[in-house]
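These notes concern the structure reproduced below.
The values are calculated or read from the model by the stated rules, or taken from the named source; none is laboratory data. All figures in this text were calculated on a predicted structure; none of them were measured in a lab. Glycine also receives a Cβ, built like all others from the backbone with ideal geometry; neighbour counts cover every protein chain displayed.
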Amino acid sequence: MNMAEIQVIKQHLIDPEICIRCNTCEATCPVGAITHDSRNYVVDADKCNLCMACISPCPTGSIDNWRAMPKLRAYSIEEQLGWDALPEELTPEQLADLAPGAEMQTVAPEIPATSPLAGTGEDAFNSARYGATVPPWSAAHAYTNLYGAKSAHKTITATVTGNVRVTEVGREYDTHHIVLDFDATPFPVLEGQSIGIVPPGTDSSGRPHHARQYSIASPRNGERPGYNNLSLTIKRVLQDHAGKPVRGVASNYMCDLKVGDKVEVIGPFGASFLMPNHPRSNIVMICTGTGSAPMRAMTEWRRRLRKAGKFDGGKLMLFFGARTREELPYFGPLQNLPKDFIDINLAFSRTPGQPKRYVQDLMRERAADLAALLASPDTYFYVCGLKSMEEGVVLALRDVAQQAGLSWEALAEGLKRDGRLHLETY
Ligand SMILES: Cc1cc2nc3c(=O)[nH]c(=O)nc-3n(C[C@H](O)[C@H](O)[C@H](O)COP(=O)(O)OP(=O)(O)OC[C@H]3O[C@@H](n4cnc5c(N)ncnc54)[C@H](O)[C@@H]3O)c2cc1C
Ligand code: SF4
Ligand code: SF4
């Protein structure tokens, strides 16, 4: 028997019972390892290189499943498409029968040598590994999947009650603050959760458009307190990630909506990117562009608590990046927040005549404050925005920790285990 015959892999699988078919993982996977039919989303074991890029954006956690399997007996795409539930983990005895001599792997998968992320030094750094999949211990209970493919209620209809532009007028960027009202139908949400928007019509192959996710930008008691509504921050996509002109289906549909229009919504989604609720808990928010949406929600909830005399202290620190001041959503309202309430740090990377500054540069400048916050078990970190920022931000956290004499690997393990570092990049 040769080595290939006894090699055991941790096979990456999607839980068909929880998956809400939002397509986020398929759109995220850089190597096209994820595919779907009308029943299931599945991972091709021959293509998946365990880069972990799909793990943090999945709103349900259904993507984060692994089974030890002999490489040559890995579940095929056809098998997975037929599943109603994930298969049980093989026992060591069953595995030994299938692959005599193989050693059972009991740890989370490491990046294999074949992965583009493998290598030494900075090349080997995989920021996605550090993101928590559990919420802070004091987070409120999040309701999820009340509407969607796996629910008795397929969609909920919302009415647009507001649609205003929140970036200054410019040709390349156009970001809208959109308010959706659910009238008398309960739709409970928390800061940090997202919803899915189902655009009308079909795609080029005649299939209904899949839903796109948008982070909720308002606090749990509504964009307007006491109303059954919420807000979103949506950037009109007019270029793909390579800069080629495109017209994004859902973002353009949403940005063009008028007050009174109806929208089909699924969700809410997300049970880990949630804010702590215990007294004197600190929140560090690091974002770019529309990644500010969940940060606005958390900040506004704390601002409302403070106004009502129910704020129990705790620091709020924001690192917010955009290409220019004009492209930064909510620039004006941010300036009005009291300095003793939130510590705001803005980074602009394309201000004419100024050196490029990114959020990670500001984080390094504030290393002393961040090191103290990293060391405190009451501090929670949230990273949201462009995929390209994630690695730089986590590397900056690592450098801050190491310069302060903290062991990054021990700290990072705790951040993940205790729901203290949340990554949501797209
Ligand atoms: C958890 C989560 C939360 C999200 N929250 C927000 C949010 O709060 N606000 C928001 O605006 N978006 C958010 N997004 C992104 C959003 O779901 C859509 O992907 C985005 O609006 C593009 O959808 P579209 O239908 O307009 O473009 P599509 O028609 O799906 O795509 C058109 C083309 O544009 C590319 N593309 C997709 N998104 C982008 C992008 N952002 N920049 C450049 N090119 C892109 C695609 O690769 C494709 O080539 C979130 C995504 C996730 C996973
Ligand atoms: S781990 Fe990476 S390669 Fe594998 S399915 Fe997810 S995004 Fe694709
Ligand atoms: S719920 Fe998760 S696994 Fe299912 S399609 Fe969405 S991202 Fe993929």
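Here are some notes:
- Hits in region 143-163 (condition: of a type in the set (A, V, I, L, M) and within 14 Å of I20 (Cβ to Cβ)): L146, A149, A152, I156
- Taking every residue in region 224-250 that is under 22 Å from Q213 (Cβ atoms) and pairing it with any residue that is of a type in the set (D, E), at least 6 positions away or on another chain, the pairs with Cβ-Cβ distances below 7 Å are N228/D181; N228/D183; N229/D181; N229/E223; L230/E223; S231/E223; R236/D174; V246/D240.
- Scanning region 26-48 turns up at least one residue that is within 22 Å of I197 (Cβ to Cβ) and in contact with a Pro (Cβ under 6 Å, 6 or more places away or on another chain).
This table checks each residue for (1) outside the structural domain of P200 (by TED's automatic domain parsing); (2) within 12 Å of ligand 1 (Cβ to nearest atom); (3) in a strand (DSSP E or B); (4) in contact with a strand residue (DSSP E or B) (Cβ under 8 Å, 6 or more places away or on another chain).
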| residue | (1), (2), (3), (4) |
| --- | --- |
| N252 | no, yes, no, no |
| K258 | no, no, no, yes |
| V265 | no, no, yes, yes |
| H278 | yes, no, no, no |
| V284 | yes, no, yes, yes |
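- Within region 295-312, being part of a loop (DSSP other than H, G, I, E, B) and acidic (D, E) holds for one residue alone: D312.
- Residues of region 339-367 satisfying the condition of being in a loop (DSSP other than H, G, I, E, B) and surrounded by fewer than 16 Cβ atoms within 10 Å (Cβ to Cβ): K339, D340, F341, R350, T351, P352, G353, Q354, P355, K356
- Residues (part of a loop (DSSP other than H, G, I, E, B) and closer than 15 Å to Y253 by Cα) located in region 177-200: P199, P200
- Tallying residues that are away from ligand 3 (no atom under 16 Å from the Cβ) and within 15 Å of M298 (Cβ to Cβ) within region 233-272 yields 1.
- Within region 202-232, restricting attention to residues that are assigned to a loop (DSSP other than H, G, I, E, B) and within 16 Å of ligand 3 (Cβ to nearest atom), the residue that is nearest to R323 (Cα to Cα) is A211.
- Positions within region 38-54 being within 28 Å of Q94 (Cβ to Cβ) and either of a type in the set (K, R) or away from ligand 1 (no atom under 15 Å from the Cβ) (or both), in sequence order: R39, N40, V42, V43, D44, A45, D46, K47, C48, N49, L50
- Region 25-35, subset surrounded by fewer than 20 Cβ atoms within 10 Å (Cβ to Cβ) and either away from ligand 3 (no atom under 12 Å from the Cβ) or free of Cβ contacts under 8 Å to residues at least 40 places away in the same chain (or both), residue farthest from P268 (Cα to Cα): V31
Matching residues to (1) touching a helix residue (DSSP H, G or I) at 6+ places or on another chain (Cβ under 8 Å); (2) at pLDDT below 90; (3) not assigned by TED's automatic domain parsing to the domain that holds P294:
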residue: K310; (1), (2), (3): no, no, no
residue: L318; (1), (2), (3): yes, no, no
residue: G332; (1), (2), (3): no, yes, no
residue: Q335; (1), (2), (3): no, yes, no
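- Here G392 meets each of (1) in contact with a Ser or Thr (Cβ under 9 Å, 6 or more places away or on another chain); (2) within 20 Å of M275 (Cβ to Cβ); (3) among the small types (G, A, S) with one exception, condition (2).
Here's the yes/no breakdown for (1) more than 8 Å from ligand 2 (Cβ to nearest atom); (2) charged (D, E, K, R); (3) in contact (Cβ under 8 Å) with a residue 40 or more places away in the chain:
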{"site": "N23", "(1), (2), (3)": "yes, no, yes"}
{"site": "K47", "(1), (2), (3)": "no, yes, no"}
{"site": "I55", "(1), (2), (3)": "no, no, yes"}
{"site": "I63", "(1), (2), (3)": "no, no, yes"}
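- Residue in region 220-238 that is farther than 26 Å from D183 by Cα, within 13 Å of ligand 1 (Cβ to nearest atom) and in contact with an Asp or Glu (Cβ under 7 Å, 6 or more places away or on another chain) present: yes
- Of everything in region 55-69 that is buried (at least 20 other Cβ atoms within 10 Å of the Cβ) and at pLDDT below 90, the residue that is farthest from ligand 1 (Cβ to nearest atom) is S62.
- In region 43-63, the condition of being β-branched (V, I, T) and in contact with a His (Cβ under 7 Å, 6 or more places away or on another chain) is met by at least one residue.
- Filter pass, A372 being more than 25 Å from the chain's Cα centre (by Cα) and either under 22 Å from P135 (Cα atoms) or surrounded by 20 or more Cβ atoms within 10 Å (Cβ to Cβ) (or both): yes
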